[in-house]
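Trainee: I'd like to ask some things about the structure below.
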Amino acid sequence: MSYLKKIEYEIAVNESFSVIRSCAGCGRKTHFKNTKKFRVNANGNRLDIWLIYQCEKCKHTLNLAIYERERISSIAKEEYICFLNNDEQLAEIYGKNIQLFRKNKADIDFERVNYEYVKLCETEEKSDDLKEKIILKIHNSFELKIRPEKQIAEVLGLSRNQVKKMIQQKDIRLENTSPRFISAYVDNYIFD
């Protein structure tokens, strides 16, 4: 009797995204990092709120719009207070929000993203199949640009070449490969 193991992972980003942008101070493209500070501007009963990014070299700033011309009443009071107090946790949450960067047309430097794999769950079932099998699922909610074979290699502790060879030999079968989620069947792999 063999076992079917189901293992689910999630890719967790450890810090805010870095932005690549032309810097007026440097006169060329540079990296901007999250200052973990907000700029709040009121105009009558409307608010503008930005997350402030800063050039790593010359400290020139880049404001990423979170809210533009938003009614004060439509923003939760607790969140508004956090904006006013430059709450670092909230700044970190917005610094990892892909939609914020898309809305602001800010280019994330995916090469600099610091991430890790967090195991969500692992279950094991008895199977009548002669082979040991693993169903591997990896959630990529941040839509990081990581090739499926690299994700599998990092989770299994193998090289990308080993994983590519296993895919060619049909020891790994990719079932779903969307930007937000991959799933694969792995045959005959001894998992620690």
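Trainee: Restricting the search to region 171-192, which residues are open to solvent by 50 Å² or more (accessible area, probe 1.4 Å) and modelled with pLDDT of 90 or more?
Mentor: Scanning region 171-192 gives 173, 174.
Trainee: What residue, of 104, 86, is within 23 Å of residue 21 (Cα to Cα) and surrounded by 14 or more Cβ atoms within 10 Å (Cβ to Cβ)? Don't jump to the end; show me each part of the working.
Mentor: Details: 86 fails: within 23 Å of residue 21 (Cα to Cα).
Answer to the check: 104.
Trainee: Looking at region 12-29, which of its residues are free of Cβ contacts under 8 Å to residues at least 40 places away in the same chain and among the charged types (D, E, K, R)? So that I can check it myself, show each step before the final result.
Mentor: Residues of region 12-29 free of Cβ contacts under 8 Å to residues at least 40 places away in the same chain: 22-29.
Scanning region 12-29 gives 28, 29.
Trainee: Any idea which of 120, 144 is within 30 Å of residue 100 (Cα to Cα), open to solvent by 30 Å² or more (accessible area, probe 1.4 Å), of a type in the set (A, V, I, L, M) and in contact (Cβ under 8 Å) with a residue 24 or more places away in the chain? Even if it seems obvious, please write down each step before you answer.
Mentor: Working: 144 fails: open to solvent by 30 Å² or more (accessible area, probe 1.4 Å).
Criteria check complete, one pass: 120.
Trainee: Among the residues of region 37-53, how many are surrounded by fewer than 18 Cβ atoms within 10 Å (Cβ to Cβ) and either in contact with a Phe, Trp or Tyr (Cβ under 8 Å, 6 or more places away or on another chain) or in a strand (DSSP E or B) (or both)? Walk me through how you get there before you give the answer.
Mentor: If we filter region 37-53 for residues that are surrounded by fewer than 18 Cβ atoms within 10 Å (Cβ to Cβ), which is where we start, we get 37, 39-46, 48, 52.
Next cut, either in contact with a Phe, Trp or Tyr (Cβ under 8 Å, 6 or more places away or on another chain) or in a strand (DSSP E or B) (or both) only: 37, 39-43, 46, 48, 52.
Residues flagged as surrounded by fewer than 18 Cβ atoms within 10 Å (Cβ to Cβ) and either in contact with a Phe, Trp or Tyr (Cβ under 8 Å, 6 or more places away or on another chain) or in a strand (DSSP E or B) (or both) within region 37-53 amount to 9.
Trainee: Among the polar types (S, T, N, Q), part of a strand (DSSP E or B) and loosely packed, with under 14 Cβ neighbours inside 10 Å: does that describe residue 22? Explain how you work it out, then say what you get.
Mentor: Numbers: among the polar types (S, T, N, Q): yes; part of a strand (DSSP E or B): yes; loosely packed, with under 14 Cβ neighbours inside 10 Å: yes.
It is true that residue 22 is among the polar types (S, T, N, Q), part of a strand (DSSP E or B) and loosely packed, with under 14 Cβ neighbours inside 10 Å.
Trainee: Which number in (1) touching a strand residue (DSSP E or B) at 6+ places or on another chain (Cβ under 9 Å); (2) open to solvent by 60 Å² or more (accessible area, probe 1.4 Å); (3) farther than 30 Å from residue 3 by Cα marks the one condition that residue 126 misses?
Mentor: (3)
The values are calculated or read from the model by the stated rules, or taken from the named source; none is laboratory data. Worth saying up front: this structure is predicted, and the values here are computed from it rather than measured. Methodologically, a virtual Cβ is constructed for each residue, glycine included, from the backbone with ideal geometry; neighbour enumeration extends over all protein chains shown. The area values use the complete protein model at the heavy-atom level, side chains included, leaving out ligands, DNA and RNA. Shrake-Rupley method; radii C 1.70, N 1.55, O 1.52, S 1.80 Å.
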